[in-house]
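The values are calculated or read from the model by the stated rules, or taken from the named source; none is laboratory data. This one's a predicted model, so the numbers in the text were calculated from it and none came from an experiment. Quick reminder, even Gly has a Cβ in these numbers, built from the backbone with ideal geometry, and neighbours come from all protein chains shown. Areas reflect the complete protein model, heavy atoms only, side chains present, ligands, DNA and RNA absent. Shrake-Rupley method; radii C 1.70, N 1.55, O 1.52, S 1.80 Å.
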Amino acid sequence: MNLADWRKRDSFYEASARRRILGLLDQNSFQELLGPAERITSPHLEQLGFPVSFDDGVVIGSGLLNGKKVLIAAQESGFMGGAVGEVHGAKITGLLQLALISHVTAVLLVLDTGGVRLHEANAGLVAISEILHAAFRAREAGIPILVLIGGNNGCYGGMGIFARCCDYIIMSEEGRLSVAGPEVIETAGGVEEFDSRDRALVWRTMGGKHRYLLGEADRLVVDDIKAFREVAIELIQKPKPLTLESILQEHQRLGERLVAYGECKDALDIWKKIGIPEFDAIPLMDNDAFHSIVKPYLPREGTEEET
Amino acid sequence: MNVEYALDKICPGGYQIKKDNLVISGHGVCKGQTFAIIGTIDHAAIGIEVAFDLAAAVLEVIQRFPQRPILLMVDTQGQRLTHRDELLANHAYLAHLAKCLELARCRGHRVVSLVYGEAVSGGFFATGMMAERAYALPNAQIRVMALQAMTRVTKISLEQLDELCKTSAIFGPGITNFVRLGIIEDIWQGDLENCLDRALRLPADYDNRAELGCERGGREWAAKVAFRIRMSAEKV
């Protein structure tokens, strides 16, 4: 990529939740729901004497995406690591329930989160479970849910499990997706098990490229809000119904993965086994080079048509 | 508690389970109705293989015994915390398990869970919390995080947390907290066969945990906030 292209980019990674929403949706179409003016804050953080935020760390609302009505939520990475507390979670659950009433084309969720907000431990866990149940109802009604991951906090904990229960995951290389985060694994198993400060290890284990190669991210885009927007436009009208057939296919894929890569110790071993030439150069490849090299080696999923 | 001890009381009419590593599966009879039993034992850490085997057990019930109710027996210390599990995407295996349980519900299977041992965060999330209703035995242990660990992460003193736990159900471990929050529908005591029978006779409602938590005084905001958002449909 040349310098001029680079300058034109509108970094998803660097942007705030509101900036991401404004860049994803059609111009001037976003209408926030339960915004900061309503002063709905976390009662539990207040009780603990912690600073609160007037949106409790998540911005929600409606707008247009390429002229189609959508709902959107974006977690604010700068507040409590994007973690889910009672109010924060209920905003996303309410939004997904609203999707059933308001006949929108799709729901976009910009996830940037460490998972449960431990300051509200029990309420945070059930909040994520409620998000999941509400998402399944929306999916059942044929409303696709797109998850976008490309922020500072990645997408971890219960929200990592949740993300994979939605129709599509769009990631950038900078995004990370897992259930247990680097520090959690290191705390449990020691630094020999996982060195959370080894950034290269973190990215090749949980980052966008590896998730895409495993088939755990549907699309991998450059760190540019416009790139996320283009892919979202393409996918919002393609719901993936949860059927016995689609779940059995997924079961087969996950079973084959256990057999094929169960002995691998590192992402590099997996990429090598996949058969990708120059597998050890993958972390350094830019998005275009990466896609052209890995295209023949991607796992196929039956439900998404080749475009 | 071991799983046989619990199942003996739930199904005096008999049951059959097979154990495969940390996963159990089989069938029992409750008041003449056959139901499927799927669960984990020995405080299982749910890694990729356990999640996959649980999903396989759910899919088998869906395919071979349409609409047969499923009792999930929960005993988990949470998701397994290893490099290998995350490398192969444990979140995807746990999500797959959740999707299998959702598919079962959509195809007319009742899904009820019972925490008979331990239930911790991610492991509970993808199993017991996927049921229509979750129940617990009186000596079960449920938590997201122990208070000592919470102190470390949040830098809130243990004294302050202990004090808060006297009035709030949000912070601390323990089934009474989880009942107050609406996460656990009820604690099973006495005749456990009756308890399961009653649970299976309740309507297969959608998630009402926020409303229940509000009624029980454990968390009032979840239901209110979601309600306010639903009420804004005309603005969308």
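Computed values, structure above
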| item | result |
| --- | --- |
| Tabulated pairs, the stretch A:279-290, first within 16 Å of A:R219 (Cβ to Cβ), second buried (at least 18 other Cβ atoms within 10 Å of the Cβ) and among the charged types (D, E, K, R), C-beta under 8 angstrom, 6+ apart or interchain | A:N287/A:E173; A:F290/A:E173; A:F290/A:K209 |
| Pick from the stretch B:122-137, criterion within 8 Å of chain A (Cβ to nearest Cβ) and touching a residue at least 60 places away in the same chain (Cβ under 8 Å), ranking: nearest to B:G78 (Cα to Cα) | B:G122 |
| Scan of the stretch A:193-211 for residues that are of a type in the set (F, W, Y) and either assigned to a helix (DSSP H, G or I) or touching a Phe, Trp or Tyr at 6+ places or on another chain (Cβ under 8 Å) (or both), ordered by number | A:W203 |
| Matching residues, the stretch A:147-176, being in a helix (DSSP H, G or I) and either β-branched (V, I, T) or at pLDDT below 95 (or both) | A:I161 |
| When residues of the stretch B:138-173 are limited to those that are more than 9 Å from chain A (Cβ to nearest Cβ) and farther than 21 Å from A:L45 by Cα, the one least open to solvent (accessible area, probe 1.4 Å) | B:A140 |
| Tally of residues being open to solvent by less than 40 Å² (accessible area, probe 1.4 Å), in a loop (DSSP other than H, G, I, E, B) and either more than 14 Å from B:Q79 (Cα to Cα) or at the interface with chain B (Cβ under 8 Å from one of its Cβ atoms) (or both) across the stretch A:177-192 | 4 |
| Some residue of the stretch B:72-81 being of a type in the set (K, R) and over 30 Å from A:D266 (Cα atoms) | no |
| Within the stretch B:1-32, considering residues that are among the polar types (S, T, N, Q) and modelled with pLDDT of 95 or more, the one nearest to the chain's Cα centre (by Cα) | B:S25 |
| Subset of the stretch B:203-220 [touching a residue at least 60 places away in the same chain (Cβ under 8 Å) and touching a Cys at 6+ places or on another chain (Cβ under 6 Å)] | none |
| Residue among B:R68, B:R84, B:R80 that alone is basic (K, R), open to solvent by 10 Å² or more (accessible area, probe 1.4 Å) and in contact with a His (Cβ under 9 Å, 6 or more places away or on another chain) | B:R68 |
| The lone exception for B:Q67 - which of (1) of a type outside the set (D, E, K, R); (2) without any contact (Cβ under 8 Å) to a residue 60 or more places away in the chain; (3) over 29 Å from B:G190 (Cβ atoms) it fails | (3) |
| Any hit, the stretch B:10-28, residues being surrounded by fewer than 19 Cβ atoms within 10 Å (Cβ to Cβ), of a type outside the set (F, W, Y) and within 21 Å of B:Q189 (Cβ to Cβ) | yes |
| Residue count, the stretch A:193-203 (criterion: surrounded by fewer than 24 Cβ atoms within 10 Å (Cβ to Cβ) and either touching a Lys or Arg at 6+ places or on another chain (Cβ under 6 Å) or facing another protein chain (nearest Cβ under 9 Å) (or both)) | 2 |
| Test: B:R201 is over 16 Å from the mean Cα position of the chain (by Cα), of a type in the set (K, R), under 30 Å from B:G14 (Cα atoms) and surrounded by fewer than 15 Cβ atoms within 10 Å (Cβ to Cβ) | yes |
